[in-house]
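A.B. asks: Take a look at this one; I'll ask things after.
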Amino acid sequence: MYAQMVETGVKQVKALDDMSPEERAFQEKVDAEIKIEPKNWMPDAYRKTLIRQVSQHAHSEIVGMLPEGNWVTRAPTFKRKLQLMAKIQDEAGHGLYLYSAMETLGADRDEEVEKLHSGRAKYSSIFNYPTLNWADMGAVGWLVDGAAIVNQVVLQRTSYGPYSRAMIRICKEESFHQRQGYEMLLTMMQQGNDAQKAMVQDAINRLWWPALMMFGPSDADSPNSAQSMAWKIKRHTNDELRQRFIDQTVPQLEILGCSAPDPDLKWNAERGHYDFGEIQWGEFFDVIKGNGPCNRERLETRRNAISDGTWVRQAAVAHANKKKQRAAA
Amino acid sequence: MNQYDDLSEYLLRLGDSAVVQGQRLCEWCGRAPALEEEMALMNVGLDLFGQARNWLEFTAERLDDGRSADQLAFCRDERAYRNLLLVEQPNGDFAVTMLKQFFYDAWHYHVLTALKASSDKRVATIAAKALKEVTYHLRRSSDWVQRLGDGTEESHDRMVKALDVVWRFTVELMAGDEVENRLAAAGVIAAPELIAEQWLATVSQVLEQATLTVPPAAPSFYLSGREGMHTECLGVLLAEMQSLQRAYPDAVW
């Protein structure tokens, strides 16, 4: 999930009878699965929540390029290099696409990016972990994109039209990234040497728990979920999605011949699901607050990119104005 | 069939320049001046690595010495690399990056246009495919050179400085060598003088529109990327790019 803990600003979900006629018409539309479009009336809190969620999602795509940028100069073969470059390019595209969806809500891209740079807006906690060996490029594709897809597949049915359509397009590319990531790990495990196999296991050991944290806090600690679910911005709870991810991922882990760093992970025939150990939520909240391993570096890189590029953007505007003036003269 | 001949040598030059230029573009990841540029720089780099793979696969087949395209790119020493000195230069600021890109694109465009009519069918096929991509690369970098040259006072000053940094490496674009002269005589590639003439015409036109002055022809300075005599920055670039292949020579990735 690329959006975590999105605030709704609403303490309690209103019953239909307590709503104004506009709110009620809106909620009935949502309940009937009719998409909300940019020009339709929508509650202010719905608009704000969506701006928060979609911008957070867009920021995550952009910050998410950085852990991959750490290895793109070191990809070992043409095939892997081309795959990784294409993936990074896709992510920049997803970012642009999502910022556009966000702008249909009346938000401004530059303003929202400024919120990211000043620490007021969040992005997915997973990108605050370092990528320390080449297998991380496979593990990120498999686990991180995999976790994102579990969430995004559901978001294809989210109530806001432009966001829903963005998700349909993005999901196609993310699924491709996930398969590529897994294939990369499989190649290393099945045809690689001992050092490569150790890299794969090490990558999984480091990324497993942070990937599970991507779904956000457990439902009991997720005060905004109820309103987001009523608005159908969210369609399933964090715990439901996390369980779905684990259930589909463990068999793939077994095919790899690797293990998860969780001694409590085992099949529960009664529940029909895998049981798993306790997530270290203290770590999650630390990372969200800015005290993760790479928060500082990630934001600094993004801030520098935009500030170092100021003169370039100014030149582009100045040149466009000159051209316009010449055309008018 | 081990053909270490003029054509194999020339294919290495084409492939190596695309690899090194693509590698420099990878270094921009996450650091571009705008999101649109983030996408475009990676996209151009992706095209170049794809083209390099085509050239080096063909080279590997001709050399037939047990080395694959991957090994040619990821295991060869800097002295064996045949890329243009221009493309190995550090990125510098966006002005240096775009000017390098533009000089390379203009050269690349004219080279590929001629190669489309090569007497070697495989060369002609690879070139025709690459040309479609490079036509767009050239349009894009020409636009940027004009925007930055004829933008603000600061961007103009930066372009003047970039021109001072980069121009001397264009000496290689303006002259061929024996290998290229022989290939040209055989109809495999265009005559180097013709490429030089076309390159200078494109560059002069764009620089003029960018309100920049074309410097006098750059003098030779005793290095030649084509002959494996590089500037010091190539070794560091390759050390990074080749690190995994070097550390795990028997690995399958």
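None of the figures in this text is laboratory data; all of them are computed from the coordinates on show. Not measured: the values here are computed from a predicted model. Cβ: placed from backbone, ideal geometry, glycine included. Neighbour counts: every protein chain shown.
A.B. asks: Taking the Cα centre of region B:6-247 as origin, sum charge times position over the Cβ atoms of Lys and Arg (+1) and Asp and Glu (-1), and report the length of that vector in debye to the nearest 20.
C.D. replies: It works out to roughly 460 debye.
A.B. asks: Would you mind working out the magnitude of the charge dipole of chain A relative to its Cα centre, with +1 at each Lys and Arg C-beta and -1 at each Asp and Glu C-beta, to the nearest 20 Debye?
C.D. replies: Charge dipole of chain A: 1520 debye, to the nearest 20.
A.B. asks: Enter the Cα centre distance for the pair region B:183-249 and region B:23-67, rounded to the nearest angstrom.
C.D. replies: 16
A.B. asks: Listed here are the pairs A:Lys122/A:Lys266; A:Lys48/A:Lys122; A:Lys115/A:Lys323; which of them are more than 23 Å apart at the Cα?
C.D. replies: Long pairs (Cα-Cα over 23 Å): A:Lys122/A:Lys266; A:Lys115/A:Lys323.
A.B. asks: For an R0 of 45 angstrom, estimate the FRET efficiency from the Cβ-Cβ distance between B:Val160 and A:Arg47 and round to the nearest 0.05.
C.D. replies: 0.40
A.B. asks: Can you give the longest stretch of chain A with no exposed loop site, where a site means GluC sites (Glu not before Pro) in a DSSP loop (not H, G, I, E or B) with at most 15 other C-beta atoms within 10 Å?
C.D. replies: Counting only loop sites that pass the neighbour cut-off, the longest clear stretch is A:34-269.
A.B. asks: Now for a different question. Compute the FRET efficiency between A:Glu270 and A:Asp221 as 1/(1 + (r/R0)^6), taking r as their Cβ-Cβ distance and R0 = 25 Å, and round to the nearest 0.05.
C.D. replies: It comes out at approximately 0.45.
A.B. asks: Another one. Within region B:216-252, list the GluC sites (Glu not before Pro) lying in a DSSP loop whose Cβ has at most 10 other Cβ atoms in a 10 Å radius.
C.D. replies: Answer in residue order: B:Glu232.
A.B. asks: Kindly identify chain A as rounded, prolate or oblate by the Cα gyration tensor criterion: order the square roots of the eigenvalues as a ≥ b ≥ c, call it rounded if a/c is under 1.5, otherwise compare a/b with b/c, prolate if a/b is larger, else oblate.
C.D. replies: oblate
A.B. asks: Exactly which trypsin sites (Lys or Arg not before Pro) in region A:33-140 are in a DSSP loop and have at most 10 other Cβ atoms within 10 Å?
C.D. replies: Of the trypsin sites (Lys or Arg not before Pro), the ones in loops of region A:33-140 whose Cβ has at most 10 other Cβ atoms within 10 Å are A:Lys39, A:Arg120.
A.B. asks: For the pair A:Glu283/A:Glu111, report the inter-label distance in nm, with labels modelled 7 Å from Cα in the Cβ direction.
C.D. replies: Between A:Glu283 and A:Glu111, the simple spin-label model gives 3.8 nm.
A.B. asks: Ranked by Cβ crowding within 10 angstrom, fewest neighbours first, how are A:Trp311, A:Trp231 ordered?
C.D. replies: Least crowded to most crowded, the residues run A:Trp311, A:Trp231.
A.B. asks: Full extension from B:Thr211 to B:Ala34: what is 0.36 nm times the residue separation minus their Cα-Cα distance, to one decimal in nm?
C.D. replies: The span from B:Thr211 to B:Ala34 would gain 61.3 nm if fully extended.
A.B. asks: Work through the residues other than A:Val287 whose Cβ is under 14 Å from its Cβ and net out their charges, Lys, Arg +1 and Asp, Glu -1.
C.D. replies: Combined, the nearby Lys, Arg, Asp and Glu give +2.
A.B. asks: Quick one: putting +1 on the C-beta of Lys and Arg, -1 on the C-beta of Asp and Glu, what dipole do you get for region A:1-110 around its Cα centre, in Debye to the nearest 20?
C.D. replies: 680
A.B. asks: Put +1 on the Cβ of every Lys and Arg and -1 on every Asp and Glu Cβ in the protein assembly as shown; which of A:Tyr160, A:Tyr99, B:Ala40 then has its Cα farthest towards the positive end of the dipole?
C.D. replies: Positive-end residue among those listed: A:Tyr160.
A.B. asks: Which lysines have a Cα lying under 18 Å from the Cα of B:Lys100, excluding residues fewer than 8 positions away in the same chain?
C.D. replies: By straight Cα distance, B:Lys100 reaches B:Lys161.
A.B. asks: Also, I was wondering about something else. Would you mind classifying region B:189-253 by shape? Square roots of the alpha carbon gyration tensor eigenvalues, ordered a ≥ b ≥ c; an a/c under 1.5 is rounded, otherwise it is prolate if a/b is larger than b/c and oblate if not.
C.D. replies: Prolate, since a/c reaches 1.5 and a/b exceeds b/c.
A.B. asks: Reachable aspartates and glutamates from B:Lys132, Cα under 13 Å, same-chain residues fewer than 8 places away excluded?
C.D. replies: B:Asp47, B:Asp105
A.B. asks: Restricting to DSSP H runs of at least four residues, report the calculated mean residue ellipticity at 222 nm for chain A, -39500 (n - 2.57) per run over all residues, nearest 500 deg cm²/dmol.
C.D. replies: Here the helix-only value at 222 nm equals -20500 deg cm²/dmol.
A.B. asks: Towards the positive end of the charge dipole of region B:6-247, with charges on Cβ (+1 Lys, Arg; -1 Asp, Glu), say which of B:Phe102, B:Ala247, B:Thr211 has the farthest Cα.
C.D. replies: The residue sitting most towards the positive pole is B:Ala247.
A.B. asks: Is the shape of the protein assembly as shown best called rounded, prolate or oblate, per the rule: a/c under 1.5 gives rounded, else a/b larger than b/c gives prolate, else oblate, with a ≥ b ≥ c the square roots of the Cα gyration tensor eigenvalues?
C.D. replies: oblate
A.B. asks: For chain B, find the longest principal axis of its Cα atoms and tell me its angle to the long axis of helix B:35-63, 0 to 90°, nearest 10.
C.D. replies: 30
A.B. asks: Per DSSP H run of at least 4 residues, take -39500 (n - 2.57); add these up for chain B, divide by its residues and hand me the 222 nm value, nearest 500 deg cm²/dmol.
C.D. replies: About -21500 deg cm²/dmol.
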